[in-house]
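Before anything else, here's the structure in question.
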Amino acid sequence: MTEALHCVGCGAILQTEDKEKIGYTPAAVLAKAEKDNEVYCQRCFRLRHYNEIQAVDLTDDDFLRILNEMSQVDALIVNVVDIFDFNGSLIPGLHRFAGNNPVLLVGNKADILPKSLRKTKLTRWMRQRAHEAGLRPVDVILTSAKKGDQLEELLEKIDFYRKGRDVYVVGTTNVGKSTLINQIIQQSTAIKDLITTSRFPGTTLDKIEIPLEDGQYLIDTPGIIHDYQMAHFLGERDLNIIAPQKEIKPKVYQLAAGQTLFLGGLARFDYIKGEKSSFTVYVSNDLLIHRTKTIKADEFYQKHSGELLQPPHSDEVADFPELVQFEFSIKEKTDIVFAGLGWITAKNPGIIRGWAPKGVDLVVRQALV
Ligand code: GDP
């Protein structure tokens, strides 16, 4: 091949090596294409023929280019985040790239929240965290892409805020952005018809432009990989364990000072000082929790990580970052939030210590439940 071939749908350079990256095309398809020189990458192909969007990842530089472009157009930005990994979902500098464009914040995976949780408290917290990151969303909405919950409300909000403009959908990997866009496509007959009939403009690179009824576009951007997402450190098998599939069933532990809980081998919680008290753990129902004495916890972790304390599984322990500690003094009912895992609610005042893989965020907030 003398010259790189481009996808006639999105314009990405076609490649046959990496399924997760943009421009992927099976080698057989590409071989055939060189003759007539008209080929869609697999992502565009699936969108045209099955009305289905595929997730792709992008390097930081390429992503920056797309963000830059976003700052120069007049559009609505829909930022999808994982409510279980809010910090891991934040796109560094998004507020700068958004410029004057409105940002609609979508907290996805709401189906796994326990029923006892007040949604308004969560959206308030999301707004606060967004503000701390410099982002001022015009609105916050909780959805479940998986179950299709709140989709109609989301579409109404998108329509309201876009005011006839294009819509950019952005998110870090694994937040459920593709699942969400697929739901939108499936539910909106008008979009579905347009996709199968229209040709993609082909003037833009690396993005999928889904035509909207009024001639504007819903633009799916590749997911940016956040280096310090818990999900980033784990293999598929372990991801299935930590990503809650169903509504979380809170587990209550009565702890005395000097006791420790391990969340698999991924995180640790020490109760340092305070009266005997109850702590409620909100993590995936499949994640095993072990209680031990704090004084023995280091040794316990050394000995059992990858075996009794998993995930990570033994073959992945070597690549897993060390756990680092954060100490908090608790004054009121508080959640200790382990990004990408869930949280532990402490009811009474005391001193606690949380441990998370180096680089993964651990924050406290006023209890949501
Ligand atoms: P993307 O990388 O942001 O495009 O994310 P995907 O759409 O590929 O989804 C990542 C993972 O999250 C998959 O395992 C999905 O099944 C799961 N997921 C997506 N949306 C939801 C949701 O609303 N609820 C739950 N529980 N899981 C979801």
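The values are calculated or read from the model by the stated rules, or taken from the named source; none is laboratory data. Remember, it's a predicted structure, so these values are computed and weren't measured experimentally. Because the Cβ atoms are built from the backbone with ideal geometry, glycine has one as well, and the counts that use them run over all protein chains shown. Please note that ligands, DNA and RNA were not included when accessible areas were found on the heavy atoms of the full protein model with its side chains. Shrake-Rupley method; radii C 1.70, N 1.55, O 1.52, S 1.80 Å.
How large, in Å, is the stretch 206-356 by the Kirkwood hydrodynamic radius built from its alpha-carbon pairs?
17.0 Å
Using a 1.4 Å probe on the protein heavy atoms, what percent of the accessible area of the stretch 1-120 belongs to carbon and sulfur? Write down the numbers at each step before the final one.
Details: 2780 of 5740 Å².
Of all accessible area on the stretch 1-120, carbon and sulfur atoms account for 49 percent.
At 1.4 Å probe size, with the rest of the protein present, what percent of the exposed accessible area of the stretch 211-369 is carbon and sulfur atoms? Intermediate values should be presented prior to the final figure.
Working: 3610 of 7310 Å².
The value for the stretch 211-369 is 49 percent carbon and sulfur by accessible area.
A further question follows. Before I look further, what does the chain give for accessible area per residue, probe 1.4 Å, in whole square angstrom? Mind dumping the intermediate values first?
Values: 17150 Å² over 369 residues.
About 46 Å² of surface per residue is accessible.
Hey, what D do you get for the stretch 137-197 in µm²/s if you plug the Kirkwood alpha-carbon radius into Stokes-Einstein at 25 °C and 0.890 mPa s?
Values: Rh = 12.6 Å.
The diffusion coefficient I find is 195 µm²/s.
Here is a follow-up. Run the simple label-point estimate for residue 365 and residue 139 please: 7 Å along Cα→C-beta, distance reported in nm.
2.1 nm
Report the label-to-label distance for residue 186 and residue 273 in nanometres (one decimal), using points 7 Å from each Cα along the Cα→Cβ vector.
5.3 nm
What lysines does residue 347 reach when the alpha-carbon gap must be under 21 Å and sequence neighbours fewer than 8 apart in one chain are set aside?
115, 119, 121, 249, 251, 273, 276, 293, 331, 333
Here's something else I'd like to know. Going by Cβ distance under 4.7 Å, what cysteines of the chain have no possible disulfide partner?
10, 44
Something else now. What percentages make up the Cα-Cα pair-distance distribution of the stretch 1-50 when the bins are 5 Å wide from 0?
All Cα pairs considered, the percentages come to 5, 25, 36, 26, 7, 1, 0.
What FRET efficiency do you get for residue 358 and residue 72 if R0 is 35 Å and r is their Cβ-Cβ distance, rounded to the nearest 0.05? Numbers along the way, then the final one.
Details: r = 37 Å, r/R0 = 1.05.
E(calc), rounded to 0.05, equals 0.45.
While we're here: Once label points are set 7 Å from the Cα along Cα→Cβ at both residue 152 and residue 246, what is their separation, rounded to one decimal in nm?
A separation of 2.7 nm, rounded to one decimal place.
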